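Visitor: First the structure, then my questions, so here it is.
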Amino acid sequence: MKKKIGVAAIITIILVSMVIIYINNITPKAELVANVINNLSFAVQDSTASNKGDLLIIKIVNNSDLKIYNDNVFFNYPIKQKNGYVENKYKIEAVLTKKVMKPKEEMFISVLIPFGDFISEENFHKDLLYYEYEGYYDKISEKTSFFISNYIPTN
């Protein structure tokens, strides 16, 4: 009887240890990603309208404590509808001026949002700009990749 209790206790200790190790390996990544996502800010600094579209100057600031490796960033305006707006499937990739952003560093990028070919300018919800950002924190690795998407006001 004592041997059965001892074996059960050892198995329980092993299982609890494995869970603790698993949680310790996952929690730091979640905390680091949250640190980056919550501290990476996007803002429209300037907007110039032309007959080809809107030229926007976007400021990106890394307020996190980690180095960020920029990968891709896409922008578009949502499409107006009677009861709000919907996603615009046509996205414009911006050229990044820095591939690496140190903590507390900022970057300015310009992007031209074109009009006319598929949707006229009146059909865009130009008060909001949608972005999708892909990058890495700390080092370039599949384990350190992250993705952010959100809307920012244009005025």
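Visitor: Return the distance in nm (one decimal) between the two label points of a simple spin-label model at ILE13 and LYS99, each offset 7 Å from Cα along Cα→Cβ.
Guide: The modelled label-to-label distance comes out at 5.1 nm.
Visitor: Right, next: Suppose each label sits 7 Å from its Cα in the direction of the beta carbon; what would the SER145-GLU132 distance come out to in nanometres?
Guide: With each label placed 7 Å out from Cα toward Cβ, I get 1.3 nm.
Visitor: Could you sort out which of LYS59/LYS139; LYS80/LYS104; LYS59/LYS89; LYS59/LYS80; LYS52/LYS139 sit more than 31 Å apart by Cα distance in this structure?
Guide: LYS80/LYS104; LYS52/LYS139
Visitor: Assuming R0 = 30 Å, can you tell me the calculated FRET efficiency for the pair ALA34 and LYS91, based on Cβ-Cβ distance, to the nearest 0.05?
Guide: 0.75
Coordinate-derived values only; no laboratory data. Since we're looking at a predicted model, the values are computed, not measured. Glycine gets a Cβ as well: all are built from the backbone with ideal geometry, and neighbour counts include every protein chain shown.
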